[in-house]
1. If you check Leu84 against the conditions, is it in contact with a Cys (Cβ under 8 Å, 6 or more places away or on another chain) and on the phi < 0 side of the Ramachandran plot?
2. State the number of residues belonging to region 26-37 that are exposed (fewer than 14 other Cβ atoms within 10 Å of the Cβ), of a type in the set (D, E, K, R) and either in contact with a strand residue (DSSP E or B) (Cβ under 7 Å, 6 or more places away or on another chain) or assigned to a loop (DSSP other than H, G, I, E, B) (or both).
3. Is there a residue being in contact with a helix residue (DSSP H, G or I) (Cβ under 7 Å, 6 or more places away or on another chain), outside any strand (DSSP E or B) and closer than 22 Å to Thr73 by Cβ anywhere in region 38-52?
4. So for region 1-13 (the condition being touching a Ser or Thr at 6+ places or on another chain (Cβ under 6 Å), open to solvent by 30 Å² or more (accessible area, probe 1.4 Å) and farther than 18 Å from Ala82 by Cβ), does at least one residue qualify?
5. Here is a check on your reading of the model: is Arg67 touching a residue at least 24 places away in the same chain (Cβ under 8 Å) and surrounded by fewer than 16 Cβ atoms within 10 Å (Cβ to Cβ)?
6. What's the number of the only condition in (1) open to solvent by 60 Å² or more (accessible area, probe 1.4 Å); (2) outside any loop (DSSP other than H, G, I, E, B) that Val23 fails to meet?
7. Could you check how many residues of region 57-81 are part of a helix (DSSP H, G or I), farther than 18 Å from Arg43 by Cβ and not hydroxyl-bearing (Ser, Thr, Tyr)?
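The values are calculated or read from the model by the stated rules, or taken from the named source; none is laboratory data. These numbers come from a predicted model, not from an experiment. Cβ: placed from backbone, ideal geometry, glycine included. Neighbour counts: every protein chain shown. Note: areas computed on protein heavy atoms with side chains; ligands, DNA, RNA excluded. Shrake-Rupley method; radii C 1.70, N 1.55, O 1.52, S 1.80 Å.
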Amino acid sequence: MDIARSDIVKSAAGRDRGRLFFVLGTEGEFLLLADGKSRKLERPKRKKRKHVTFACRADGRTAEKIRSGEKVTNSELRKTLAQLGGDGNPDQEG
């Protein structure tokens with residue numbers, strides 16, 4: 001399955017292995033990823049496609065905002081990923 005903008009992926013390699021991320025954009029074989037906690041929107045993680053696995057296609061309001069280019073906040077990313085089984089408290093900064 002092709003990974004597109006606003007999809008949710010799981011890191012398969014690196015020190016962030018097992019964490020969920022939103023795809024903010026694509027650059028060839030690289031993806032721009034953010035989770036709102038360790039990787040904020042201001043500095044997304046650039047990761048190769050082969051180092052992530054597709055988790056699900058997001059359908060909520062946050063995904064719509066990412067697709068349309070509207071402003072999204074880090075707390076929206078954290079809350080959405082926490083609902084899908086991300087880590088712990090979505091509002092806890094770390």
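1. yes
2. Here the count works out to 1.
3. Yes.
4. yes
5. yes
6. All conditions are met except number (1).
7. Of the residues in that region, 6 qualify.
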